[in-house]
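The values are calculated or read from the model by the stated rules, or taken from the named source; none is laboratory data. Model, not experiment: these values are computed from the prediction. Glycine also receives a Cβ, built like all others from the backbone with ideal geometry; neighbour counts cover every protein chain displayed. Protein only, heavy atoms only, side chains kept; ligands, DNA and RNA dropped before computing areas. Shrake-Rupley method; radii C 1.70, N 1.55, O 1.52, S 1.80 Å.
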Amino acid sequence: MTRRLAEVAKKVGVSEATVSRVLNGKPGVSAATRQSVLSALDVLGYERPTQLRGERARLVGLVLPELQNPIFPAFADVIGGALAQLGLTPVLCTQTKGGISEADYVTLLLQQQVSGVIFAGGLFAQADAPHDHYRLLAERNIPVVLVNAAIADLGFPAVSCDDAVAVEQAWRHLASLGHERIGLVLGPADHVPSARKLAAARAVAGDIPDDCVVRAMFSIEGGHAAAAKLIDRGVTGLICASDPLALGAVRAARRKGLDVPSQISVVGYDDSALMNCTEPPLTTVRQPIESMGKAAVELLNAQIAGSAVAADELLFEPELVVRGSTAQVPRY
């Protein structure tokens, strides 16, 4: 008990006597200090006293599908900073292959009595994935915000970049450069953002041949494999559903002895960190990460405060960033 008091007091920057008063429910402690002590208990992994367990911690789960794609650490940075400004502590939950699943993280977060959860990407965007853990959060009335396009009927507010506008911008850019044979490198068939991108491409271009659309896992290797197929089918311009996919496409072109952009043009999606430092610098469609991340936190905080928040989707406008991976179509 003494060790616990000392650790919590050090974490919060108060005396052990103050921590003891909070744990024993005694008066004489400000609400802010009391909340800081309870949050420190949660962060350090100590159980709250029985009489305090009914209160939710000032912790917020931040669940990410991975950290290899630079877009997710970028979202975590913005969201974590916005939460901290509100006195909320983010608990980062990152999935790894063969590791803790999204559902397992939800169970752990519920045990910690978190105030809410933000999912920045995840299984909510895949129609064929399990979704019971989202329904569990809804049943427990835990505030939740989703960042990215989600399947219908989950009942949570969402913050998304407009996938349709993103593809329209990329397609029109390549078309303006003379590209007629344009291919799409998208995520799995049940992936909602990818489905939106495909629908938008068909809307702007009319009928798209099936052999100009290839599905891939979201990785450089997935982009390489998908782009190699499209290049073999005579595509000269590639629109990819993420920057890592686009980097894989650049690699695929080079492995075939083709130059980017003079022979093959590539457009990414996200404008994640260092895309202006690649060779060539990547033309991509930028997600407004700062605005989206702050909006997600505002929606979550409103729910935590007890306000009614509609289960609507806020769509943010993307921006085409033209760099060095796109050029006029080659004329032979």
> Short version: ³J(HN,Hα) in whole Hz for each residue of the range 292-307, in order, from phi by Karplus 6.51 cos²θ - 1.76 cosθ + 1.60 (θ = phi - 60°), x for Gly and Pro, what are they?
Replying inline: 5, x, 5, 5, 4, 5, 4, 5, 5, 5, 4, 5, 4, 6, x, 7
> Which residues' amide hydrogens lie under 5 Å from the amide hydrogen of LEU92, considering only partners 5 or more residues apart or on another chain, with H built in the peptide plane?
Replying inline: LEU62
> Measuring from a point 7 Å past the Cα of THR107 along Cα-to-C-beta, which residues in the range 132-169 have an amide N at less than 20 Å?
Replying inline: 132-142
>> Can you give me the solvent accessible area of ILE289 with a 1.4 Å probe, rounded to the nearest 10 Å²?
In response: 30
> Between GLN328 and ALA84, 0.36 nm times their residue separation minus their Cα-Cα distance comes to what?
Replying inline: 83.2 nm
>> Per 0.36 nm of contour for each residue apart, how much would the distance between LEU315 and ALA199 grow if the chain were fully extended, relative to their Cα-Cα spacing?
In response: 40.1 nm
> To the nearest 10 degrees, how steeply does helix 31-44 sit against the main Cα axis of the chain, on a 0 to 90 scale?
Replying inline: 70
> Given a 1.4 Å probe and every protein chain left where it sits, what share in percent of the accessible area of the chain is carbon and sulfur?
Replying inline: 51
>> Which order do you get for SER265, SER176, SER101 if you rank them by accessible area with a 1.4 Å probe, largest at the top?
In response: SER176, SER101, SER265
> Relative to the longest principal Cα axis of the chain, at what angle does helix 163-176 sit, 0 to 90 degrees, rounded to 10?
Replying inline: 30
>> With unit charges on the beta carbons (Lys and Arg positive, Asp and Glu negative) and the dipole taken about the Cα centre of the chain, which residue among GLN113, GLY80, LEU38 sits farthest to the positive side?
In response: LEU38
> Can you list the residues, at least 5 places off or on another chain, whose amide H is less than 5 Å from the amide H of VAL144, using H built in the peptide plane?
Replying inline: VAL117
>> Cut-off 10 angstrom, C-alpha nodes, Gaussian network model of the chain. Which of VAL114, VAL192, VAL12 fluctuates the most?
In response: VAL12
>> Using amide H atoms built in the peptide plane, which far-off residues or other-chain residues are under 5 Å from VAL213 H to H?
In response: LEU184
> PRE reach from SER176 (point 7 Å along Cα→Cβ): which of the range 306-327 fall under 14 Å by backbone N?
Replying inline: 319-323, 326-327
> How do LYS10, LYS26, LYS197, LYS97 rank by accessible surface area computed with a 1.4 Å probe, from largest to smallest?
Replying inline: LYS97, LYS10, LYS26, LYS197
>> So, R0 is 35 Å and r is the distance between the beta-carbons of SER262 and GLU139; what FRET efficiency does that work out to, to 0.05?
In response: 0.05
>> Can you bin every Cα-Cα distance in the chain into 10 Å intervals starting at zero and give me the percent of pairs per bin, rounded to whole numbers?
In response: 6, 24, 27, 19, 12, 7, 3, 0, 0
>> Could you put PHE316, PHE119 in order of accessible surface area, largest first, with the 1.4 Å probe and the full protein assembly present?
In response: PHE316, PHE119
